[in-house]
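Structure first, commentary second.
The values are calculated or read from the model by the stated rules, or taken from the named source; none is laboratory data. Note that the structure is predicted; figures quoted are calculated from it, not measured. Because the Cβ atoms are built from the backbone with ideal geometry, glycine has one as well, and the counts that use them run over all protein chains shown.
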Amino acid sequence: MSFKMKKIKKTNTLLNLIGLIIIFSLAFLGVYAVQSINLGNNKYKAGKGVYSEETKEYKKEIGILIVGRGGFTGGNDAPNLTDTIILAKINKDKKNVSLLSIQRDLYVNYATNPNEKEGTGKINSVYPHYLGRLKDETQAMHKLAEKVKDITGEETDYFVNVDFAGFKKIIDTLGGVEIDVKESFVDRTYPDGNWGYKTISFKKGLQTMDGEKALEYSRSRHSTSDFDRSLRQQQVIQAVKNKIMSSYTINSPAKVTELYNIFKENIFTDVSINDAITLALDLGLLKENYKFISSNFNDTCWSPTADCEKGGIIYVPNRELFGGAWVSLINGSTANSLSKYDLSRKYSDIVLNYPRLEEEDAKISIFNASKVTGAGVFVNNMKRYGFKFTEKEAVANAPETMEESIIYYNGIDAESDTIQALKKFFKGKFERVSEPKFSTQKAKIEIVIGKDYVKDNSIFNF
């Protein structure tokens, strides 16, 4: 790490930094500053990652790129592949931490500048590609951050690069973590660390996992989908964060010191000590109840007959076009045109900047008042962003034709994330009503498609 540690002074105030900094690295970063700084006697200047020179205020949103590598232990022949890539966005006002996993198989142009000729490959190879060419970890991480911005449209203020060996040590030091396994599964081709494979299995239900078991749970590739895998990784991250913030850790100076040493050896980051403290003091993460919302990219919307799920914005192309490799592309991209990221940017904007959409759970019904068929396509297009629909009335005909499209809403605030997110896709009128206009299923939001959509389908842009 780039900063110097000061003499350790054990105070309760300092121990509180554990949980604060841990959230910013989402269970991989923290603790390195905890027992080395006396906040009562020192002042720190915030860096540009947390302080805006333009507004002269602390930022209310912080973006952190978190990547996990296999490292050099256990016979790993590709130690720098970033098999875990998570973009985290912390929103101070909304008290949310939004996590977006980008699966390792997404096929990309390495370069973000059209004038650069850097080749192509899976996104998990961007970091080692530039590390080999530039011979600099920080520059390589910045190149990966540029590619993530290219895909998501989102800026990152910091990065955290983690060796999975440290991940196991952290969990063992914490005495294990509790994980609620959603579905039982078996993986018969999990790498055994000696160039071979072994069988691992997990039973459904709540259980305590040590570092090795938690890592297997996070990294299993052949048991379920790559998309399930990314959500499991986020589940483990949150479990580690909860354990670190528990009294078991906070009240144990020995645990803090041990964790610090593990972080020091296994984590590379550009978060300065000054910024870590400023983040901790300004956001009040221990005092406030921050909620974590997890999202990923998946292929649930690729089939025309599929029942789309949130994140359904990618597809698996013909492997012959990629030398037999199993890869994924953003919908709209092709083997000859990889960087079609309009859809991924819109999706990332919604899940990272309107995190309460899922929590608000405002059910939608669509009413076709144009008398032209095709309104049903709206449902799947909207589901991939996380919008929810009434069970029996997702799409219906309006009782009468209407010239203008309109969105009616009831029982939900105009400033809600759901309404604000819908404004990204509809440029017409929104009207608040006391009760549903047409819905018999108590829909909170009624999207009425009028005749104007037939003349100008850009009115809706899902």
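Within the stretch 105-151, the set of residues being buried (at least 21 other Cβ atoms within 10 Å of the Cβ), touching a residue at least 60 places away in the same chain (Cβ under 8 Å) and farther than 15 Å from SER344 by Cα comprises TYR127, MET141, LEU144, ALA145.
Out of contact with any strand residue (DSSP E or B) (no Cβ under 8 Å at 6 or more places or on another chain), at pLDDT below 85 and not β-branched (Val, Ile, Thr): is that true of GLU118 in this structure? Judged against the criteria, GLU118 is not a match.
Of everything in the stretch 383-397 that's among the hydrophobic types (A, V, I, L, M, F, W, C) and more than 21 Å from LYS371 (Cβ to Cβ), which residue is farthest from the chain's Cα centre (by Cα)?
First, the residues of the stretch 383-397 that are among the hydrophobic types (A, V, I, L, M, F, W, C): 387, 389, 394-396.
Checking which are more than 21 Å from LYS371 (Cβ to Cβ) leaves us with 387, 389.
Values: PHE387: 17, PHE389: 23 Å.
Of everything passing the filter in the stretch 383-397, PHE389 is farthest from the chain's Cα centre (by Cα).
Note on the stretch 158-259: enclosed helices (runs of 4 or more DSSP H) holding 1 or more residues that are at pLDDT below 90, within 19 Å of the chain's Cα centre (by Cα) and closer than 26 Å to ASN289 by Cα are 164-173, 211-219, 226-244.
From LEU81, LEU131, which residue is closer than 30 Å to ASN353 by Cα and not charged (D, E, K, R)? Spell out the reasoning first.
Numbers: LEU131 fails: closer than 30 Å to ASN353 by Cα.
Just one listed residue meets the conditions, LEU81.
Consider the stretch 439-461. How many of its residues are surrounded by 18 or more Cβ atoms within 10 Å (Cβ to Cβ) and assigned to a loop (DSSP other than H, G, I, E, B)? Steps first, please.
First, the residues of the stretch 439-461 that are surrounded by 18 or more Cβ atoms within 10 Å (Cβ to Cβ): 439, 443-450, 453, 460.
If we keep only those that are assigned to a loop (DSSP other than H, G, I, E, B) too, we end up with 439, 443-444, 450.
The number of residues fulfilling the criteria is 4.
In the condition set (1) under 26 Å from ILE293 (Cβ atoms); (2) among the small types (Gly, Ala, Ser); (3) over 29 Å from the mean Cα position of the chain (by Cα), SER416 is compliant with all but (3). Just one residue in the set GLU391, GLU415 is touching a residue at least 24 places away in the same chain (Cβ under 8 Å) and in a loop (DSSP other than H, G, I, E, B); that residue is GLU391.
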